[in-house]
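A short worksheet on the structure shown next.
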Amino acid sequence: MNIPGDLKYAKTDEWVKVDGNVATIGITDYAQSQLSDIVYFEFKVDPGESVKKGGTAATVESVKAASDIIFPVSGKVVELNDAVADEFEGINSKPYETWFLKVELSNPADVDALMDAAEYEKYCEERGH
Amino acid sequence: MAEPTIYEISSEGRIGVRFPEPDVPRTDLPAGLERTTLPLPEVSELDVVRHFTHLSQLNFSIDGGLYPLGSCTMKYNPKINEDIARLPGFAFTHPLQPAETVQGNLALMYELQEYLKEISGLAAVSLQPAAGAHGEFTGVMIIKAYHDANGQTHRTKMLVPDSAHGTNPATSAMRGYEVVSVPSDLRGNIDLAALKELCSDTVAGLMLTNPNTLGLFEEHVVEVLDLIHGCGGLVYGDGANLNALLGVARPGDIGFDVMHFNLHKTFSTPHGGGGPGSGPVGVAEHLVDFLPGPNVVIAEEGSEDEAPLFDLAMPAQSIGRVKSFHGHFGMILRAFTYISMYGAEGMRQIAEHAVLNANYLLAKLHKTYHVPYDRICMHEFVMEGVFEDAPGVHALDIAKRLMDYKFHPPTNYFPLIVHEALMIEPTETENKQTLDQFAEALIKIAEEAHTQPDLLHSAPHITPIGRLDEVKAAKELVLCCWYPEQD
Amino acid sequence: MFIPHTDSEREEMLKEIGIGSLDELFTAVPKEFRFPKLNLPPALTEMEVLAELTELSSVNESTRELMCFLGAGAYNHYIPAAVDAIIQRGEFLTAYTPYQPEVSQGTLQAIFEYQSLIALLTGMEVSNASHYDGATAAAEAAVLAYHHFRGKRSRIVLSPAVNPQYRAVLRTYMSGYAGLEIVGDEAANSPFTTIEELAKLVDVNTSLVVVQYPDFFGRIQDLTAFAQKVHEAGALLTVVINPTALALLKTPGEFGADIVVGEGQPLGIPMSFGGPYLGLFATKKELVRKIAGRLVGETEDANGQRGYVLTLTAREQHIRREKATSNICTNQGLMALASAVYLSLLGKHGLRQVAELCYHKAHYAAEKIGQIAGFEVHTDGPFFHEFVVKTPAPVADINLHLLDHGILGGYDLGKDYPGLENHMLIAVTEMNTREEIDTLCEVLQEYNHG
């Protein structure tokens, strides 16, 4: 299980990379392995939209499951990775290089509330069974 | 060898069924609105009959063998049902004919309403919903309408057990409810303590399947209903598992406020490869006015010499129409025929033997497979399709290997609360020999799981086609075959 | 009675379970509810039930005895013998939903072919495996539109010329979605509101516009300009169709419809007092993942052999649960098969023949009725196989008179449209011979003079 040390993690299996006031969001290796081969991806928000932590960012589907990607932070959507909606194999093969959206943080404290790599690793182990 | 599609066997100019030439003068077709190409097949009648006959031979069916799908109640579909549905006096009636010309139909529908009331212990029934999920939608709408009529618009939550069929939460969400999941306890019942916590005046109701999807009768059903009623909520009964309760217990007596019936499960109407079903809804006295409509009523009482006059009428505070016309009359006919052939004692015998068959299989299998809920089951039971000492073998492999033994696999991966679930429901129409053969096959497969797991991983071997690439199907999305000329 | 157990088998089974009697199976059921006495008539054998129900069926008057001029959403068409022979095969009739594709290729391929036939018939790019009927299909189009715009567009525009039952069901379905307004078919509006008038109601807050083609009154018109107006507002256009008519007429796909729904009963399904029927649902490719209901897709097995599976199942209720946009599970599989067989048997030539027969006979009937004093054919402009007749007396009275002569008259439009009392909707199909039409006219003539 790949869990890069420089990222933050949400309980709902999103990773967050913070650069100044902008958070880049994707899903973790654990998440993509649970879903298995992804066959579809759809954004549920538009650029410029204000979003709240816990809201739905996108939907990702495989043959046996469909999952919502949840916003781990609140803020304003500044960019969507439109390429992902066509090239979703990347989500499975390179989950940490495939980002979904960038959010301008409205509350930087949201980031502190997320888990670091060690905490997330422990969390994944506990859920294993 | 795959069967070609109907388009692939088409031949330009070939004609199938012919119709007479017009016996009236022709009128010009409307200018600018005429269709120029009609890309339908061009095949002979024999081509069609052969093609679909070949296709049928690729199918597994109840007529061909055991189909132990949990919660689907794959019992024998009596052939007499088909003959009766085809009686011209029934089949050739138009739904909008004046009531006086279809008293036979209306009488039959009225009687089935009465039979279902009697079987369930409820006060009124609508035969309009087209399938189980449709009945659920209707039932949830009735709950909402009732609460709204009583000024209880703050009731925004619907409680749904974690073992529930997916249609339950989907239906609640469709009606605008917030779905709150209720956990199960270690014996497979609803966790009473957890339920108590969740009961409040923001709860519209609880959707309860009893027996539940683990095949177990809710041991505290009275307390569960009391808790919900106590906080002002209503209880919806998912009737998918009614086969275990016929003549044994009536949901209305127990206190359910509303439920749906699956005529295509409990009452033998054929599954048809995915429908048509029929999902009538029954309600307790306080909900009678909210039923969808129109339903059959007695317009004029009969006498000793004369039958009553039946007609269709909308209930006083009806939620409205949920379907065109009156419901699936063809399935209503079949269910009526079925109940007529059993009577009251017969109803109980159905439940007794459905439950007997399930427990018999359970007794034969529980030493080989792990059964998480160790008590007398009802008409179905759930076991785990994994072995601690045969890693790599999953419920899916066992299911696929069963096909090599000429059995349709049981339901797998449902309910979600059992790991690698295999849900088995034999129904009452299977004889002991078939059950013995099925148990034997499963025991052999368990052995193979330990000694020759590859046989399972690569199964099935004797079916017309092997495991199919579902990822490719979803990614490449080919949903139509195109006529050779088009692209 | 289909329970096979013998006494000795029962004994053996009870022993294996470790209990003494059947009653012990039900100890979990609270005593006060256990084993209620059901008040049902005594059981009948197969012989007896057939006799009883044959008698009950003979109480009815069916379209075998009556000449049928009634349509309004269900139609009297000829069903070739081969359709029933095929759907009665146990392998189709008693199979379940094809969740295990290796043993369900018959059902899956048949539905794949059905999807193809419907897509091609309607001029659309993709069809699902069916909905319950035309009315619920129309309602599901509204649900699709709601989610397509993520609930941000709150207006639905409905033509009053859409089947009244469909509009009622759509309203029932949409009552669970907050803040919606449904306009266009209010009682105050004329039932014959033109599509130009209707277009004025379409704004940027509109998610869906629904029209019917041919409409409930049988009329047909070019929807191209209308479709453009709907799309200018960014809304989705749903067209409710009659599948027989599409053999003859330009398709909604050509007009630019986004969604096509309709009642498939005319395609080889008996009228059977209203059901089971067949909900047709087809869309443009872009909307495929928003479609409710099952979809069959083509794929391969490990040896490269072509096969079929249920696909995009992650949309459906058994996976998405409360996030599914629709709860549909069982659909109308056997009826979809029946329509696939019907369309294959008739094919390119046969379906066109049937449509033309309906068209010519209906126009012949309209012309003749128009000549009867007191009766006025109210349909100006092109129509398919139904037309409106203004009657000199209440429709119910006229129909009683017709019944005395073995004729099932048309639909009383006054039931659904205030202001259309004394207006009858007459349908004519390939099943009505010239003699029947002439008889209808004679009896109507007689009504006015007697």
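Among the conditions (1) farther than 17 Å from B:Y67 by Cβ; (2) in a loop (DSSP other than H, G, I, E, B); (3) among the hydrophobic types (A, V, I, L, M, F, W, C), the only one that B:A363 does not satisfy is (2).
Can you tell me which of (1) touching a residue at least 24 places away in the same chain (Cβ under 8 Å); (2) surrounded by fewer than 24 Cβ atoms within 10 Å (Cβ to Cβ) is the one C:N303 doesn't meet? It is condition (1) that C:N303 fails. The criterion of at least 2 residues that are farther than 30 Å from B:R18 by Cα, touching a strand residue (DSSP E or B) at 6+ places or on another chain (Cβ under 8 Å) and touching a residue at least 40 places away in the same chain (Cβ under 8 Å) is met by none of the helices (runs of 4 or more DSSP H) wholly inside the stretch C:7-107.
Residue-wise test of (1) at pLDDT 95 or above; (2) within 30 Å of B:T156 (Cβ to Cβ); (3) away from every other protein chain (no Cβ under 13 Å).
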{"site": "B:L225", "(1), (2), (3)": "yes, yes, no"}
{"site": "B:D238", "(1), (2), (3)": "no, yes, no"}
{"site": "B:G274", "(1), (2), (3)": "no, no, no"}
{"site": "B:D289", "(1), (2), (3)": "yes, yes, yes"}
{"site": "B:G293", "(1), (2), (3)": "no, yes, no"}
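Identify, please: which residue in the stretch C:403-434 is in a helix (DSSP H, G or I) and in contact with a Leu (Cβ under 7 Å, 6 or more places away or on another chain) and is, among those, farthest from B:R26 (Cα to Cα)? Ranking the candidates gives C:G414 first.
Of the residues making up the stretch C:134-151, not a single one is surrounded by fewer than 23 Cβ atoms within 10 Å (Cβ to Cβ), at pLDDT 95 or above, assigned by TED's automatic domain parsing to the domain that holds C:N242 and over 22 Å from C:K323 (Cβ atoms). Picking from residues in the stretch B:153-195 that are in a helix (DSSP H, G or I) and more than 10 Å from chain C (Cβ to nearest Cβ), the one that is surrounded by the most Cβ atoms within 10 Å (Cβ to Cβ) is B:L195.
So for the stretch B:255-266 (the condition being more than 23 Å from C:K37 (Cα to Cα), assigned to a loop (DSSP other than H, G, I, E, B) and touching a residue at least 60 places away in the same chain (Cβ under 8 Å)), does at least one residue qualify? The answer is yes, given that some residue of the stretch B:255-266 is more than 23 Å from C:K37 (Cα to Cα), assigned to a loop (DSSP other than H, G, I, E, B) and touching a residue at least 60 places away in the same chain (Cβ under 8 Å). From the list B:R334, B:R348, the lone residue that is among the basic types (K, R), under 30 Å from C:I269 (Cα atoms) and assigned to a helix (DSSP H, G or I) is B:R334.
Counting only residues that are over 41 Å from the mean Cα position of the chain (by Cα), more than 18 Å from B:P426 (Cβ to Cβ) and surrounded by 18 or more Cβ atoms within 10 Å (Cβ to Cβ), the stretch C:1-54 holds 3 of them. A single member of A:K52, A:K64, A:K76 is among the basic types (K, R), within 14 Å of another protein chain (Cβ to nearest Cβ) and surrounded by fewer than 21 Cβ atoms within 10 Å (Cβ to Cβ), and it is A:K64. Evaluate the following for B:A354: is it under 30 Å from C:P276 (Cα atoms) and either assigned to a loop (DSSP other than H, G, I, E, B) or of a type in the set (D, E) (or both)? So B:A354 does not fit the description; no. When C:E196, C:E181, C:E232, C:E254 are screened for being among the acidic types (D, E), modelled with pLDDT under 95 and out of contact with any helix residue (DSSP H, G or I) (no Cβ under 6 Å at 6 or more places or on another chain), only C:E196 passes.
Residues that are more than 7 Å from every other protein chain (Cβ to nearest Cβ), assigned to a loop (DSSP other than H, G, I, E, B) and farther than 21 Å from C:V103 by Cα do occur in the stretch C:304-316. I'm checking my understanding of the structure. Among residues of the stretch C:281-303 that are among the charged types (D, E, K, R) and either not in a strand (DSSP E or B) or not assigned by TED's automatic domain parsing to the domain that holds C:G256 (or both), which one is nearest to the chain's Cα centre (by Cα)? Here the answer is C:R294. State yes or no: is B:H286 touching a residue at least 12 places away in the same chain (Cβ under 8 Å) and under 20 Å from B:E380 (Cα atoms)? Here the answer is no, as B:H286 does not meet what is asked. Once the stretch C:326-372 is narrowed to residues that are more than 22 Å from the chain's Cα centre (by Cα) and not in a helix (DSSP H, G or I), the residue that is farthest from the other protein chains (Cβ to nearest Cβ) is C:I372. Of all residues in the stretch B:110-125, those that are more than 22 Å from B:A244 (Cα to Cα) and either buried (at least 24 other Cβ atoms within 10 Å of the Cβ) or among the aromatic types (F, W, Y) (or both) total 1. Scanning the stretch C:224-249 for residues that are closer than 26 Å to C:H147 by Cα and within 20 Å of the chain's Cα centre (by Cα) yields C:L237, C:T238, C:V239, C:V240, C:I241. Only one entry in B:A313, B:A335, B:A351, B:A307 is modelled with pLDDT under 95, closer than 24 Å to B:E118 by Cα and hydrophobic (A, V, I, L, M, F, W, C), namely B:A307. Evaluate the following for C:F281: is it more than 9 Å from chain B (Cβ to nearest Cβ) and buried (at least 24 other Cβ atoms within 10 Å of the Cβ)? Yes, satisfied.
If the condition is being of a type outside the set (S, T, Y), closer than 17 Å to B:G327 by Cα and within 11 Å of chain B (Cβ to nearest Cβ), then the stretch C:256-278 contributes C:E263, C:Q265, C:I269, C:P270, C:M271, C:F273, C:G274, C:G275, C:P276, C:L278.
Yes or no, residue by residue, for (1) more than 9 Å from chain B (Cβ to nearest Cβ); (2) part of a helix (DSSP H, G or I); (3) in contact with a His (Cβ under 9 Å, 6 or more places away or on another chain); (4) closer than 29 Å to B:P294 by Cβ:
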{"position": "C:Q109", "(1), (2), (3), (4)": "no, yes, no, no"}
{"position": "C:Y114", "(1), (2), (3), (4)": "yes, yes, no, no"}
{"position": "C:L120", "(1), (2), (3), (4)": "no, yes, no, no"}
{"position": "C:A137", "(1), (2), (3), (4)": "yes, yes, yes, yes"}
{"position": "C:E140", "(1), (2), (3), (4)": "yes, yes, yes, yes"}
{"position": "C:V162", "(1), (2), (3), (4)": "yes, no, no, yes"}
{"position": "C:R171", "(1), (2), (3), (4)": "no, yes, no, yes"}
{"position": "C:I182", "(1), (2), (3), (4)": "yes, no, no, yes"}
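The set of residues in the stretch B:53-86 being within 30 Å of C:T63 (Cα to Cα), within 20 Å of the chain's Cα centre (by Cα) and assigned to a loop (DSSP other than H, G, I, E, B) consists of B:N77, B:P78.
The values are calculated or read from the model by the stated rules, or taken from the named source; none is laboratory data. This one's a predicted model, so the numbers in the text were calculated from it and none came from an experiment. For neighbour counting, all protein chains shown are included, and Cβ atoms are generated from backbone atoms with ideal geometry for every residue, glycine included.
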